[in-house]
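A.B. asks: What follows is a single structure, and I will ask about it in a moment.
The values are calculated or read from the model by the stated rules, or taken from the named source; none is laboratory data. Note that the coordinates shown come from a computational prediction; the quantities given were computed from them, not determined experimentally. Virtual Cβ from ideal backbone geometry, glycine too; neighbours counted across all protein chains shown. We work out accessible area using only protein heavy atoms, side chains counted, and drop any ligands, DNA or RNA first. Shrake-Rupley method; radii C 1.70, N 1.55, O 1.52, S 1.80 Å.
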Amino acid sequence: QVQLVESGGGLVQAGGSLRLSCAASGRRFSIYTMGWYRQAPGKQRELVATITTDGSTNYADSVKGRFTVSRENAWNTVYLQMSGLKPDDTAVYYCNTHPALEYWGRGTQLTVSS
């Protein structure tokens, strides 16, 4: 059974930093490209960052230079280090494979206050 459990969200002030974690289980996730996605209120879910099995990364223009994605394959864990946070980063953040599986976790809420 696939499980994706995101954690680490919270309330931070603009300019602050936070690290999100994602624990994946139920599959051999080390063979997948992994991604972080987010969904802001009233908006569609969007891809924020991806990391391949060999550690190559890619970012949405809106977060480039501020967010860093990493992974620990031995633990099926993916991280998203976020800095220089902006109110526009407020969203529920999810991890998944890329392309995404049909299953989604509950996500973790990030709220950035101005």
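A.B. asks: Could you check how many residues of region 87-114 are of a type in the set (Asp, Glu) and open to solvent by less than 20 Å² (accessible area, probe 1.4 Å)?
C.D. replies: Result for region 87-114: 1.
A.B. asks: Ok, one more. Give the number of residues within region 17-58 that are open to solvent by 20 Å² or more (accessible area, probe 1.4 Å), outside any strand (DSSP E or B), touching a strand residue (DSSP E or B) at 6+ places or on another chain (Cβ under 9 Å) and over 28 Å from Ser113 (Cα atoms).
C.D. replies: Residues that pass the stated criteria total 9.
The rows are residues; the columns are (1) surrounded by fewer than 13 Cβ atoms within 10 Å (Cβ to Cβ); (2) part of a strand (DSSP E or B); (3) touching a Phe, Trp or Tyr at 6+ places or on another chain (Cβ under 6 Å).
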{"residue": "Leu4", "(1), (2), (3)": "no, yes, no"}
{"residue": "Gly15", "(1), (2), (3)": "yes, no, no"}
{"residue": "Asp61", "(1), (2), (3)": "yes, no, no"}
{"residue": "Lys64", "(1), (2), (3)": "yes, no, no"}
{"residue": "Ala74", "(1), (2), (3)": "yes, no, no"}
{"residue": "Leu85", "(1), (2), (3)": "no, no, no"}
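A.B. asks: Sticking with this structure for a sec: If you scan region 54-76, which residues turn out to be among the β-branched types (Val, Ile, Thr) and either farther than 16 Å from Leu18 by Cβ or in contact with a helix residue (DSSP H, G or I) (Cβ under 8 Å, 6 or more places away or on another chain) (or both)?
C.D. replies: Thr57, Val63
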